[in-house]
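Note sheet for the following structure.
The values are calculated or read from the model by the stated rules, or taken from the named source; none is laboratory data. Being a predicted model, the structure only gives us computed values, none of them experimental. Don't worry about glycine lacking a Cβ; one is built from the backbone with ideal geometry, like all the others, and counts go over all protein chains shown. Protein only, heavy atoms only, side chains kept; ligands, DNA and RNA dropped before computing areas. Shrake-Rupley method; radii C 1.70, N 1.55, O 1.52, S 1.80 Å.
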Amino acid sequence: MTESSTARIRELNDAFRKTFAGGKMVMSASVAALPEMVRASALIKVAEFTDFTRENDPHGEHDFLSFEHCNRTFFWKCDYYDKEMEAGSEDPADPDKTTRVGTLMLAEDY
């Protein structure tokens, strides 16, 4: 992958993560079972997350994050599917060929 395509993927992932527009958001059953206020505030933490480092983002795509909230460890993962959601995207840097799916889960779900 080229540096420019990684930068474009990162830009698209950041836009999706901050707005939840341009893709689909899902959550694990254990997150869905949490109180609404906890779910809502966890989604805000996802949107506001900026603490990407080489250790937690080795590919520079901003496609995974972890945070502590309400005495729980949450993960958020962004996956890239084709527009039909049948296979992986052939080019995650191209939004016309990619549907981003963000999954919010508890660490124990992973």
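Some observations on this one:
- For the chain, modelled as a GNM whose springs connect Cα atoms under 10 angstrom apart, the maximal fluctuation among Met37, Met25, Met85 occurs at Met37.
- Sparsely packed chymotrypsin sites (Phe, Trp or Tyr not before Pro) within the range 6-58, loop by DSSP, other Cβ within 10 Å at most 14: none
- Rounded accessible area of Lys97 (nearest 10 Å², 1.4 Å probe): 80
- Among beta bridges that DSSP assigns inside the chain, antiparallel share in %, nearest 5: 75
- Neighbour net charge for Leu43 - beta-carbon separation under 12 angstrom, K R +1, D E -1: +2
- Answer label for mean projected area of the Cα convex hull in nm² (calculated), chosen among [x] 7.8; [y] 5.7; [z] 7.0: [z]
- Taking Arg17, Arg54, Arg100 as the candidate residues, the one with maximal mean-square fluctuation in a Gaussian network model of the chain, Cα springs under 10 Å, is Arg54.
- Those GluC sites (Glu not before Pro) in the range 47-78 that DSSP places in a loop and that have at most 11 other beta carbons within 10 Å: Glu55
- Amide H to amide H distances under 5 Å link Met27 with Leu104, where only residues 5 or more positions off or on other chains count and H is placed in the peptide plane.
- In this structure Arg10 has an accessible area near 80 Å², from a 1.4 Å probe over the protein heavy atoms.
- When shorter helices are ignored and each DSSP H run of at least 4 residues is given -39500 (n - 2.57), the per-residue value for the chain at 222 nm works out to -9500 deg cm²/dmol.
- Surface accessible to a 1.4 Å probe, Ser30 within the full protein complex, Å²: 40
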